[in-house]
1. Roughly speaking, what is the stretch gain from residue 15 to residue 134, that is 0.36 nm per residue apart minus the C-alpha to C-alpha distance, in nm to one decimal?
2. Would you please give the FRET efficiency between residue 186 and residue 72, computed as 1/(1 + (r/R0)^6) with r the Cβ-Cβ distance and R0 = 35 Å, to the nearest 0.05?
3. When the convex hull of the Cα atoms of segment 101-191 is projected onto a plane and the area is averaged over all directions, what value comes out in nm²?
4. Counting other beta carbons within 10 Å of each Cβ, put 74, 154 in order, fewest first.
5. Send over the semi-axes of segment 1-120's equivalent ellipsoid, whole angstrom and largest first, taken as the square roots of 5 times the C-alpha gyration tensor eigenvalues.
6. Using a simple spin-label model with points 7 Å from Cα along the Cα→Cβ vector, what separation in nm is obtained for residue 22 and residue 112?
7. Per residue of the chain, what 222 nm ellipticity follows from adding -39500 (n - 2.57) for every DSSP H run with n ≥ 4, rounded to the nearest 500?
8. Which one of 64, 193, 23 has the biggest mean-square fluctuation once the chain is modelled by GNM with Cα springs under 10 Å?
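Each reported figure results from applying straightforward, stated rules to the coordinates on display, with no laboratory input. Source: prediction; values computed, not measured. Note that we place each Cβ from the backbone using ideal geometry, even for glycine, and neighbour counts take in every protein chain shown.
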C-alpha cells in the first residue's frame with residue numbers, strides 16, 4: 001500500500017520477533033513484511049519482501065551476525081538498517097556507523113523510541129542517540145587484524161606458546177604484541193584485554 005513503511009525484523013528469539021512485529025503492525029503508517037532469525041533468513045527476506053527498514057539484533061545465534069546483515073543490506077542497496085542490542089558497547093556504535101547502518105537502539109528502548117527511529121530512518125534520516133555519537137568519539141583505536149588474531153586467541157584461553165604456533169609467530173613476538181596492547185589500552189592482564197575487546201565489539205561475544 002502506498003504511504004506505508006515496509007518493516008522487517010531480524011531476531012533469533014521468535015517470541016521477541018513476533019511480539020515486536022505485533023506492536024509495530026498496530027502503527028497506521030507501518031506494515032511488517034516478515035521476520036527472520038539468521039543471516040541466511042534475513043538475506044532471503046530482503047530479496048523476497050524488499051522492506052524499507054530492517055530492525056536487526058546484533059547477536060544472532062551466538063554470533064555478531066547482525067553486523068553482516070547490515071553490511072549485506074548496504075552492499076546490495078537494500079533496506080535501511082537499524083541495529084539493536086542488549087549490550088551497551090561503544091565499539092558497537094562505531095562499527096554500526098562504519099558499516100552504514102542508519103540507526104542503533106538498545107533493547108531497552110520503548111515502543112515510542114522504536115517507532116520514532118523507524119520513521120526517521122524510513123524518511124532518510126538517522127537514529128543514533130547523542131550518547132551513542134559521543135561514545136564513538138571516545139572509543140579507543142581498534143587493534144589491527146593481526147592484533148585481533150592474538151586477542152581472539154587470548155580470549156579463548158590460549159597460552160603465548162599456543163598462540164605463536166597457531167599464527168606462525170615466535171613466543172617472543174606474541175609477548176611483544178601483548179605488551180604493546182597492554183600499554184596502548186592501559187590494561188594489566190590478559191583477562192582485562194579480552195574483556196575490553198568484547199566490550200568494544202572488536203571480537204565476537206562467543207570468542
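1. Numbers: separation 119, 0.36 × 119 = 42.84 nm, distance 3.28 nm.
Answer, rounded to one decimal: 39.6 nm.
2. FRET efficiency, residue 186 to residue 72: 0.45.
3. 8.2
4. The fewest-first ordering by Cβ neighbours comes to 74, 154.
5. On the way: eigenvalues 75, 51, 40 Å².
Semi-axis lengths for segment 1-120 are 19, 16, 14 Å.
6. 2.3
7. Result for the chain, helices only: -16000 deg cm²/dmol.
8. 23
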